[in-house]
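Read through the structure below, which is laid out as structure tokens, and then see the notes.
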Amino acid sequence: MRTVLVACNSSAWFGIRGFSAHGWLVLVLVFLALSPASAAETAIRKNVLILKSFPDRDIKTVDSLQSEMRARIRWPIDFDVENLEGQRLSDGTYEKSVVESLRHTYAGQKPDLVMPQGYPALQFVLNHRDELFPGSAILFWDIDVRRIGGRKLGPGVAGVTVTWDIRRTIDLALHLHPNSNTVAVITENSEFYMFWLALVHAELLRHQDGVREIDLVGLPTSQLLERLAALPLETVVLFEEFPQDSIQPTMGVNELLAWVGQRLPTYCVVPLACLNHGGIGGFDPNVADEISITTELAGRLLSGERPESIPVVNVTSQQFRADWRQLRRWNIPESALPPGSVVLFREPDLWERYGRYLILGIVALVLQSVLIVALVVGAKRRQRLVLHLKDLGRRLIDAQEEERRRIARELHDDLNQRVILLRSHIERLDIPDNDHVSSSSQVAELSQEAREISTGISHLSHQLHSSALEILGLEPALQGLTRDLALAYNLNIHFTNEGGPSIVLPGEVALCLFRVAQEALSNVVKHSGASFVEVHLNLSDQTKAIRLTIRDNGKGFDTAKLKGDSLGIISMRERLRLVDGELLVNSSPDRGTKVVAQMRIKEPSVVAAHA
């Protein structure tokens, strides 16, 4: 609050009938002087856009930065966070699509500050700032100082650099594993990771007399696993990044890293990329220091200070980050780590695990003593409590027994009554020999009823779980399903399989196709009125695709008049979507229905037919 003392001559400034012009001016000046200094400033919200180079990393770091900025910067801040796939920015088509998306998203909305995190995001901003963020201040962070070097970044750019100490990570790894004679470097074949690979090469040259380097760069998953399995036991793995494998995408980066970390000691160029996924650790910039300095520079830029006047700040503090579970796996004592190391994911010791229970136990003993005294003094209250507990236990037992009786009644009134009735009819089959017509009729009825009961039980069992699918595979399971439905509902169901050798499909794929067939055939039985059904399983060796077709000659339906897919169709579509497949439904009135489930096979495992 600012205070201004104003002295004036009232006869000159204030007239008899009201204020003069000079009087109004003084009042306005006094009002502005007495108002809070920051009232106008706090009314202005600041827009900050954070561009992440990699969407699946540093989520907690970005959250910490936002919290720090909101706490230390006096303006209210609206944050937008956009995730870039940094390894794909070298692809012109992808980069163009990102530019179009950001232009559309932030059209007419100018960020006060753009904060690219990581080198790919900074390079993207520098290439497109004039068309996307003209006039916005740029503050980059979380970028290795060697990436910037003496490069001129142009006007309007400030930043914070760090150093990932590859040398100390390699030296510590070889120190903790003195018998190691091989270092295997795993990375992706892209410009971003080639920069890091060059730094690793330079550091490993210092150990070339006693250590052999093996580069596993840009290999498909299957080949990478083979190479890793063939490495000697005296190998240390230095992880940068796994290649993006389009052939075997079901095994993600974290799963691959965990697989490697179980077999060989694995260290990280960037610890946040592999900690908690099988990596032992690596040297990392001090995140707290980096966030603090970045927040300070962001506040200066949002205050209007020109970025050109702020030199790039380099955070030099380092700390070794390690996974406690991996230290235990490889018998590495914490005392062997550098001073100031941060050990994460530590499992609690006995006191941390059971200390609170011990305290609770002591408190419980004290309370019990107090309760005993209270119970002695108030015997009637204790008696009422015991009776209440007994009543509660009795009610629990009654509820349990009632539930058992309900289940027993359901079994007795349905399936058991039908079996008893069937037995009663059979016991009354004492018919004279000359009454063959009546006897045959009753036997036929009883046979039909027994068949219906057997079919119902068998159909329910197959719906819940198909043992043929689990033991024999998809083709025998489909044969059994069609055969059982044909016998149960007197349908002409024809099953065929073509395409050469049989496939050993992954369990989830086989189960998906079986459930689709099960649902489609159930719809045929319930709704179509068909007399003929064709089930066809086809494998194309040329296109490496599998297709399951269910076609019937029933009454069909008009797909254009459906307001939405039925629950069965939705279930089939969702199952196929989970295994990267698709469902096609073609039907018209009086012309039957055709249901097709198809998907691309990824590295099928083929065995000879009838093996």
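I want to confirm something. Restricting to segment 137-152 and keeping residues that are touching a Gly at 6+ places or on another chain (Cβ under 8 Å) and in contact (Cβ under 8 Å) with a residue 40 or more places away in the chain, which single residue is surrounded by the fewest Cβ atoms within 10 Å (Cβ to Cβ)?
Once the filter is applied, the top-ranked residue is Ile148.
Taken over segment 255-273, the criterion of being closer than 18 Å to Glu234 by Cα and part of a helix (DSSP H, G or I) is satisfied by Trp259, Val260, Gly261, Gln262, Arg263.
For segment 86-107, enumerate the residues that are among the acidic types (Asp, Glu) and farther than 21 Å from Gly135 by Cβ. Asp91, Glu95, listed by residue number. Of all the listed residues (Glu82, Glu95, Glu100), the sole one being surrounded by fewer than 20 Cβ atoms within 10 Å (Cβ to Cβ) and over 24 Å from Glu188 (Cβ atoms) is Glu100. Do we have Glu188 as modelled with pLDDT under 90 and either acidic (Asp, Glu) or touching a Cys at 6+ places or on another chain (Cβ under 9 Å) (or both) here? When the stated conditions are applied, Glu188 passes them.
Considering (1) hydrophobic (A, V, I, L, M, F, W, C); (2) in the same structural domain as Asn181 (by TED's automatic domain parsing); (3) under 34 Å from the mean Cα position of the chain (by Cα), the lone condition that Ala298 does not fulfil carries the number (2).
Of all residues in segment 312-328, those that are without any contact (Cβ under 8 Å) to a residue 24 or more places away in the chain and farther than 20 Å from Leu272 by Cβ total 1.
Modelled with pLDDT of 80 or more, assigned to a helix (DSSP H, G or I) and surrounded by 13 or more Cβ atoms within 10 Å (Cβ to Cβ): does that describe Val585?
no
If the condition is being surrounded by 15 or more Cβ atoms within 10 Å (Cβ to Cβ), more than 27 Å from the chain's Cα centre (by Cα) and in a loop (DSSP other than H, G, I, E, B), then segment 210-230 contributes only Val211.
The values are calculated or read from the model by the stated rules, or taken from the named source; none is laboratory data. All of these numbers come straight from a predicted model, not from anything done at the bench. Here the Cβ is made from the backbone with ideal geometry for all residues, glycine too, and neighbour counts use every protein chain on show.
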